[in-house]
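This report concerns only the one structure given below.
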Amino acid sequence: MWLRQLFDRETWTYTYLIADPATREAALVDPVLEQVERDLQLLQELGLTLRYSVDTHVHADHITGTGKLRALTGCLGVVPAGAQVDCADWLVQDGEVIQVGAIPIQAIATPGHTDSHMAYWVNHTHVLTGDALFIRGCGRTDFQSGSAGTLYDSITQRLFTLGDEVWVYPGHDYRGQTISTIGEEKRWNPRLAGRSRQEFIDFMNSLDLPDPQKIMEAVPANQQCGQVARVEMLGT
């Protein structure tokens with residue numbers, strides 16, 4: 001298995017390339033519109049065919065690259081079931097598997113940051129946690145139908161049961177950290193370790209965070225699979 005972690009500095013977003021070197025099939029998880037050319041160049045350099053462009057949720061801080069990637073490569077766009085995205089090719093359900101060559105990518109429902117959010121368990125060894133679990137942190141819960149209690153349940157009952165040795169790859173990082181493990185986060189994540197469910201809810205509800213700069217643009221665009229991306233592409 002090939003797994004590459006790619007970074008968008010403007011939004012602190014990680015995009016993940018997953019590929020089977022035998023079949024040359026690939027998937028991109030949480031692509032960013034402004035980085036589509038970078039991602040396409042890497043696919044070309046590695047001789048890969050993009051089968052799926054996958055989003056963990058409807059993002060509020062960046063516009064997905066899925067629409068543009070789908071138009072340019074013919075890949076399928078995958079979005080969590082329950083998200084208000086009518087244009088997706090596949091509304092993936094909890095437990096369903098996205099197969100990339102011989103590599104299984106299993107969807108794990110992890111709502112809380114938003115009401116429709118999936119983590120993706122890759123090859124039973126790595127988990128892409130999106131905005132549910134960060135390295136020594138977690139996603140916010142104060143917009144897009146978020147719920148602190150639901151997020152606590154998603155992390156502790158779904159992600160923390162995968163096994164301590166599973167590698168954690170988050171959707172964002174704001175402090176230069178790249179990877180962790182489930183075992184590390186269970187022990188050292190300050191938002192979760194030693195906190196009861198109610199203590200976690202109280203802490204999350206006490207945060208006073210500004211809205212993401214692109215929220216008014218990104219959310220409606222992402223509900224249209226990055227339709228803004230298609231307009232920009234055709235206008236260039």
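Applying a 4.7 Å cutoff between beta carbons, the unpaired cysteines of the chain are 75, 138. Note on 136, 70: ascending count of other Cβ atoms within 10 Å places them as 136, 70, the fewest first. Model label points for residue 97 and residue 197, set 7 angstrom from Cα along the Cα-to-Cβ axis, are 3.1 nm apart.
Taking θ as phi - 60° and the Karplus parameters 6.51, -1.76 and 1.60, the scalar couplings of region 45-54 work out to 4, 8, x, 9, 10, 7, 9, 9, 10, 10 Hz in sequence order, x denoting glycine and proline. From the coordinates of this entry, percent of Cα pairs over 24 Å apart is computed, and it appears in (1) 45; (2) 65; (3) 40 under the label (3). Couplings for region 33-39, taken from phi via the Karplus curve 6.51 cos²θ - 1.76 cosθ + 1.60 with θ = phi - 60°, read 3, 5, 10, 4, 4, 4, 5 Hz in order; Gly and Pro are left as x. In whole angstrom, how far apart do the alpha carbon centroids of region 61-121 and region 125-198 sit? If you average the Cα positions of each part, the centres end up 19 Å apart. For the chain, modelled as a GNM whose springs connect Cα atoms under 10 angstrom apart, the maximal fluctuation among 49, 125, 64 occurs at 125. DSSP beta bridges confined to the chain are antiparallel in about 65 percent of cases. Selection among 226, 33, 143 by position relative to the dipole of the chain gives 33 as farthest towards the positive end (Cβ unit charges, Cα centre). Remark on residue 7: its backbone amide H falls under 5 Å from those of 15, a criterion applied only to residues 5 or more positions apart or on other chains, H modelled at 1.01 Å from N.
Less than 5 angstrom separates the built amide H of residue 77 from those of 53, 89, 90, all sequence-distant by 5 or more or on a different chain. Neighbour counts of other Cβ atoms within 10 Å put 2, 167, 121 in the fewest-to-most order 2, 167, 121. Taking the number of Cβ atoms within 10 Å of each Cβ as an exposure proxy, the fewest-first ranking of 23, 11 is 23, 11.
Each reported figure results from applying straightforward, stated rules to the coordinates on display, with no laboratory input. Because the structure is a prediction, the values reported are computed rather than measured. Virtual Cβ from ideal backbone geometry, glycine too; neighbours counted across all protein chains shown.
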